[in-house]
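Each remark here refers to the structure printed beneath this line.
The values are calculated or read from the model by the stated rules, or taken from the named source; none is laboratory data. Everything numeric in this text was worked out from a predicted model, so none of it was measured. Because the Cβ atoms are built from the backbone with ideal geometry, glycine has one as well, and the counts that use them run over all protein chains shown. For accessibility, only protein heavy atoms count, side chains too; no ligands or nucleic acids. Shrake-Rupley method; radii C 1.70, N 1.55, O 1.52, S 1.80 Å.
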Amino acid sequence: MAVTEVLLELLVICILIGLNGFFSMAEFALVSSKKVRLELMAGDGSAGAATALELLEDPNTFLSTVQVAITLIGILAGAYGGITFAGYLSPVIGSLPGLAQYAQAISVAIIVIVTTYFSLVFGELVPKRIGLDNPEYIASRVARPLRAISVLVSPLVLLLSASTDGVLRLSGKKRSVSAEVSEEEIWSILSEGTRTGVIEKAEETMVTAIFRLGDRKVFTLMTPRPEIMGIDLEEPLESEMKKLLSSNHSYFPVYRGQLDTLSGVVWVRDFWAQVIENSGADISRIIREPVIIPETTPALKLLELFRTSPTPIALAVDEFGGITGMVTVHDILKAIIGDIGAPEAAQGRGLTLRADGSYLIDGLYPLDEVKVLFGISRLPGEREGLFHTLAGFMVMELGKIPVTGDVFEWNNLRFEVVDMDGNRIDTILVTPISSARETGESAGNGE
């Protein structure tokens, strides 16, 4: 009989610890669940996921229910175990020399310690790990039982919820409204998906480029003014036709004398169609209205303009109205998926990694891409808009129009002017300081 009673009492303790584990697991699963995944599960017909979403809309309800249950179970398990099993252990402790008068206290302490240990392991830590490992699945399974229990203890839950809200109001704390999915979470999901093979590396690269595009301005994408190839109406038609034949461009700006006296843009297809049909050409008759935008226009806004414009080419102007560059749909597409077309079309503003770890970079290479390459958050003077290219950064740092061979160091990077095109920096050598030192040491050892 005594053995049966002990087993029954052990069973009661185990049930209490198990219930404690259920509520701990439920709490962590619900708190860790992502609403987007629960919504997908609910859309697939999961009633448990729909209930979990309802509980997450009012976290006070399920948190109060969980805390009431865990607190009551903890008190009950400790008291029941201490009273019940201390009676069995006390005679054993009392039989030891000198411990008779402390037997009851020692027995209760031992039982409480043992009960607490098993409660922590099987009633807290293990269930919480299970809830964290697969939160949405667990949440969808425990949501309905948890809601039923919250109804049973609703008076106490309402009291605790009201008390919680009252304390928060008194402290001036307001419930924050945050986005359900942040940009950082998307980055994390992309990286994890690429690491596990669910997302292709190329897909991650393109999605990353799209997010970066949202932060870029037109001046980081455009072909700068010195590199714009256009058609001058004041020049002989034959010489301008040679430009069309030697170029891979589809659109050309048309002007008189200089680019700022812009007349419009010409589509090469219209030009050749006119030549074939009329055995001659009159460029002034096929000029299209250009898109004129400030050079600080966000790239995504320009993309929206291209959606409604019949001409997929825009001329960027500065605050004084002077044309500073040209940008096309191809430039936006290139920012997302990289260079397209013939190898010679992909050269121009390029970047080359050398064997020693240094980079040869065109002075007009997009500044945003340089920052990503070297892990730079912001360059000095960038926020003030003092420059828009890597060459502009070098001019600002050097404080003069540089000459070939000019060097300076910044942020563990060594910048050197390799080639000049008139007053413009054509090519820059960027070397991480560690790579430069290793190269120097290797050369010294070779001597």
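Structure above, values below:
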item: Residue-count net charge about residue 135 - beta-carbon cut-off 13 Å; Lys, Arg +1, Asp, Glu -1; result: +3
item: Residue-normalised accessible area of the chain, given per residue in Å² at a 1.4 Å probe; result: 58
item: Taking the convex hull of Cα positions in the range 219-338, its mean projected area over all directions (nm²); result: 7.7
item: Modelled FRET efficiency - R0 41 Å, residue 403 with residue 373, Cβ distances, 0.05 increments; result: 0.95
item: In degrees, nearest ten, helix 237-246 long axis to first principal axis of the chain (Cα); result: 40
item: Relative contact order computed over the chain (Cα-Cα under 8 Å; 6+ residues apart), in percent; result: 11
item: The range 360-414, Rg to Rh (Cα coordinates; Rh as Kirkwood inverse mean 1/r); result: 0.92
item: Gain in span if fully extended, residue 318 to residue 188, counting 0.36 nm per residue against the direct Cα distance; result: 43.0 nm
item: Proportion of all alpha-carbon pairs of the chain beyond 40 Å (%); result: 52
item: Hull shadow area, averaged, the range 103-256 [alpha-carbon convex hull, nm²]; result: 21.7
item: Debye intensity ratio I(q)/I(0), log10, the range 271-335, q values 0.18, 0.25 Å⁻¹ (C-alpha model); result: -0.74, -1.02
item: Part-to-part distance (alpha-carbon centres) for the range 393-419 and the range 120-168, which is given in Å; result: 61
item: Segment residue 58-residue 285, length gained on full extension (0.36 nm per residue, minus Cα span); result: 75.0 nm
item: Pairs beyond 27 Å (Cα-Cα), from 34/301; 371/400; 34/128; 201/334; 34/217; 128/201; result: 34/301; 34/217; 128/201
item: Helix axis angle, 59-94 relative to the chain longest principal axis, alpha carbon, degrees; result: 40
item: Residue 203-residue 133 pseudo-label distance in nm [points 7 Å out on the Cα-to-Cβ vector]; result: 2.7
item: Simple spin-label estimate for residue 426 and residue 245 in nanometres, 7 Å along Cα-Cβ; result: 2.7
item: Residue 225-residue 278 pseudo-label distance in nm [points 7 Å out on the Cα-to-Cβ vector]; result: 3.2
item: Debye-sum result for the range 1-83 in log10 I(q)/I(0), which assumes one identical scatterer on each alpha carbon, at q = 0.12, 0.17 Å⁻¹; result: -0.49, -0.74
item: Heavy-atom accessible surface of the range 17-81: percent carbon and sulfur, 1.4 Å; result: 66
item: Carbon + sulfur, % of accessible area of the range 218-369 - ligands and nucleic acids excluded, 1.4 Å; result: 53
